[in-house]
Each structure stands twice: as structure tokens, then as C-alpha cells.
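Each value in this text was obtained by applying a stated rule to the coordinates, not by laboratory testing. Worth saying up front: this structure is predicted, and the values here are computed from it rather than measured. Neighbour counts run over all protein chains shown; Cβ positions are idealised from the backbone, glycine included.
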Amino acid sequence: MFELPPLPYAYDALEPYIDAKTMEIHYTKHHAGYVAKLNDALAGFPALAQASAGKPELQSLANLLKNLNGVPESIRTAVRNNGGGHFNHSLFWELMKPKGGGKPAEELSSAITATFGSFEKFQEEFSKAAAGVFGSGWAWLGMSNSEGLKIIQTSNQENPISNGFKPVLCLDVWEHAHYLKYQNRRPDYITAWWNVVNWEQANANFIGDELVKA
């Protein structure tokens with residue numbers, strides 16, 4: 001039902017900030033593993049597959065994760081963990097690019113300034129949230145109609161979409177995302193990551209609605 005999406009750049013394209021070996025293992029082992037386990041969990045439930053037929057892959061995942069209470073209890077944890085892992089990583093790869101970094105532009109830039117006071121203040125708060133995730137998890141910039149932009153921490157492979165937020169930007173802070181190069185120095189990894197952020201994609205996520213439609 002679900003497939004591993006193509007990585008939008010070579011494994012070494014984000015060097016020296018994200019090393020090639022980490023990218024290769026992260027993509028071919030961790031992300032691929034989430035896809036395989038998600039498909040295994042859904043194999044005995046053709047109705048769930050039928051409900052997502054004809055919809056874009058990320059939209060199908062979003063529908064599952066937004067409606068976890070409708071997923072049979074016997075596979076709910078597997079869908080939350082592995083569906084979340086697939087969804088999160090699919091976003092994460094697109095939110096990085098070679099020669100990225102800098103600052104956001106257009107609509108997202110204005111919204112960040114209005115919410116946090118400045119881009120620098122947002123960057124400081126996001127980095128602090130990412131460094132402060134206990135154990136394995138993610139840092140997010142999410143958007144909701146009621147709360148606007150908000151920095152969110154999630155554990156494991158959970159994500160803001162399950163709580164009504166549209167994902168705009170995300171950073172994987174599991175150890176497998178950085179340990180080969182940065183070991184236990186998560187703050188150094190976070191600092192390096194700002195140099196590869198794809199702000200054009202973040203802005204597209206901010207102004208789009210395809211990730212939140214039911």
C-alpha cells in the first residue's frame with residue numbers, strides 16, 4: 001500500500017552538515033523499515049487500504065494519523081509508530097536541501113516574525129525545543145487555525161497532525177539521525193541542520209492545505 005519515496009538528493013548532498021553514511025542508513029534502514037512494518041500491520045485490513053485508494057500517499061497517511069481512534073486497536077500502536085515514522089521522514093527529507101539554510105521568505109517569514117518577534121528568536125526557541133526533547137523524538141513548527149504557529153515537541157514517531165496541527169517544519173532528533181557524526185552532541189547537530197533547511201518547502205507547507213484535508 002505504501003512505498004518508500006525517492007530521496008530528493010544523493011546521500012552525500014548535505015555534507016558536511018549531515019554525513020553520507022548517516023543519510024544512507026537513516027533512509028534505507030530506518031525509514032524503509034517503518035514503511036515495511038506499516039504495510040505488514042495493514043495487510044489484514046483491506047478496508048483501511050480501500051479508504052485511502054486514489055489519494056496521495058501523504059494524504060492517506062495523514063488521514064490514518066488524524067483518525068487513530070478509527071484504526072482497529074490490534075494495529076493502532078503499529079500504525080501510530082510506523083505510519084508516523086513514514087509520514088515524519090517523508091516530510092523531513094523534503095525540508096532539507098543542498099545549499100539550504102538562510103532565512104524563510106514570503107508568507108512564512110511574516111508569520112514567524114509576527115508570532116516570535118524575529119526569525120532569530122524563533123530559531124533560538126526551536127533549537128532549545130529540539131535540544132530539550134527527552135529521549136527520541138522530533139521538534140516541529142506546526143500551524144492550527146485556533147493557535148497559529150507553535151513550536152511542538154513530540155516523542156518517538158508521534159507528530160502534530162494527530163493533535164490538529166499542520167506540520168510546517170520538522171527536525172528528527174533521534175540518535176540515529178546524528179550519532180555517527182555528532183555522537184551525543186545533539187546541540188551541534190541542531191546548529192548544523194539550520195544550514196540545510198529548505199525554506200521554500202517550509203513555506204509551501206505553511207500556505208498549502210493538502211496535509212490537513214480530511
For Met96, distant residues with modelled amide H under 5 Å away: Asn198
Backbone HN-Hα couplings from phi across segment 15-32 [Karplus 6.51/-1.76/1.60, Hz, Gly and Pro as x]: 4, x, 7, 10, 6, 4, 5, 4, 4, 5, 5, 4, 7, 7, 9, 6, 5, 4
The chain, relative contact order in percent, only Cα pairs under 8 angstrom and at least six apart counted: 26 percent
Loop-exposed chymotrypsin sites (Phe, Trp or Tyr not before Pro) per DSSP, neighbour cap 16 Cβ within 10 angstrom, longest uninterrupted part of the chain: 10-133
Rounded to 10°, Cα long-axis angle of helix 119-131 versus longest principal axis of the chain: 50 degrees
Segment 169-183 - phi-based ³J(HN,Hα) in whole Hz, Karplus 6.51/-1.76/1.60, Gly and Pro as x: 9, 8, 9, 7, 10, 4, 4, 5, 7, 8, 5, 4, 9, 10, 6
Residue pairs, from the table Lys128/Lys166; Lys37/Lys121; Lys99/Lys128; Lys99/Lys166; Lys37/Lys166, whose Cα atoms sit over 32 Å apart: Lys37/Lys121
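What are the GluC sites (Glu not before Pro) within segment 133-214 that DSSP puts in a loop, where the Cβ has at most 16 other Cβ atoms within 10 Å?
Working: sites: Glu147, Glu158, Glu175, Glu200, Glu210; in loops: Glu147, Glu158, Glu210.
Here the GluC sites (Glu not before Pro) that fit, given the DSSP loop and packing criteria, are Glu147, Glu210.
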Cα-based shape type of segment 106-207, given that a ≥ b ≥ c are square roots of the gyration tensor eigenvalues and the cut on a/c is 1.5: prolate
In Hz, Karplus ³J(HN,Hα) per residue of segment 147-160 (6.51, -1.76, 1.60; θ = phi - 60°; x = Gly, Pro): 10, x, 6, 8, 7, 10, 9, 10, 8, 6, 10, 6, 8, x
Charge dipole of segment 20-94 about the Cα centre (unit charges at C-beta), most positive-ward option of His89, Asn39, Leu68: Leu68
222 nm mean residue ellipticity, helices alone, for the chain (DSSP H n ≥ 4; -39,500 (n - 2.57); rounded to 500): -12500 deg cm²/dmol
Read-out Kirkwood radius over Cα pairs in Å, derived from the coordinates shown; its label in [x] 18.3; [y] 18.9; [z] 17.6: [z]
Cα→Cβ-extended label distance, 7 Å offset, between Lys29 and Gln59, nm: 3.6 nm
Dipole magnitude of the chain about its Cα centre (Cβ charges: Lys, Arg +1; Asp, Glu -1), debye to nearest 20: 300 debye
Computed magnitude of the charge dipole of segment 20-94 (debye, nearest 20; Cβ of K, R +1, Cβ of D, E -1): 100 debye
Estimated FRET transfer efficiency (Asn67, Glu106; beta-carbon r; R0 35 Å; 0.05): 0.65
